[in-house]
Amino acid sequence: MSLSCPRDRSALEPQTYEAKIEIDACPTCRGVWLDQGELEAIGARTIEEQKKLDAYLTQATETIRTKILELEQKLQSETADVTAHKARLAAQVEAASASCAREVARLQIERDRLQEICSTFIVERRG
């Protein structure tokens with residue numbers, strides 16, 4: 001015996017909700033009609049599923065939080081390494097710059113000495 005929709009008298013079609021609860025649906029008005037106890041069963045399943053989802057989300061949140069903390073620690077460590085490396089490079093550049101400045105000064109003195117020797121030689125040859 002087929003049930004009729006209380007709204008428009010169309011024949012209700014049985015549909016399975018979540019593989020365990022059979023509900024009656026009207027193809028015309030798209031109304032859904034539940035037998036006694038079906039709403040409570042759907043609600044109980046929903047609460048059960050919500051608890052499972054809450055537990056999953058809590059675990060996922062903790063996993064993500066742990067991963068974020070690990071990444072923050074790694075970033076801090078790598079930032080410290082980069083800062084230390086930058087300081088070493090700056091010291092090396094400063095040392096190289098000072099060495100170059102000393103070499104330039106030495107070469108200028110050598111150039112001046114050679115110019116003096118050349119000038120003396122030219123004067124001696126003329127004279």
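Derivation of every value follows stated rules applied to the coordinates shown; laboratory data play no part. Note that the coordinates shown come from a computational prediction; the quantities given were computed from them, not determined experimentally.
Looking at the chain, how many pairs of lysines come closer than 26 Å at the Cα, when each pair is eight or more places apart or spans two chains?
So the count works out to 5.
To the nearest 500 deg cm²/dmol, what mean residue ellipticity at 222 nm is calculated for the chain from DSSP H runs of n ≥ 4 alone, each contributing -39,500 (n - 2.57), summed and divided by the residues?
Computed mean residue ellipticity for the chain: -27000 deg cm²/dmol.
Treating the angle as unsigned and between 0 and 90°, give the value, to the nearest 10°, between the Cα long axis of helix 38-126 and the longest Cα principal axis of the chain.
Helix 38-126 sits roughly 10 degrees off the main axis of the chain.
Report the Cα centroid-to-centroid distance between the range 50-91 and the range 101-121 in angstrom, as an integer.
59 Å
If a/c stays under 1.5 just call it rounded; otherwise compare a/b with b/c (prolate if a/b is bigger, oblate if not). Do that for the chain, with a ≥ b ≥ c from the square roots of the Cα gyration tensor eigenvalues. It would help to have the intermediate numbers written out before the result.
On the way: a/c = 14.35, a/b = 4.72, b/c = 3.04.
Judged from the Cα gyration tensor, the chain comes out prolate (a/c at least 1.5, a/b above b/c).
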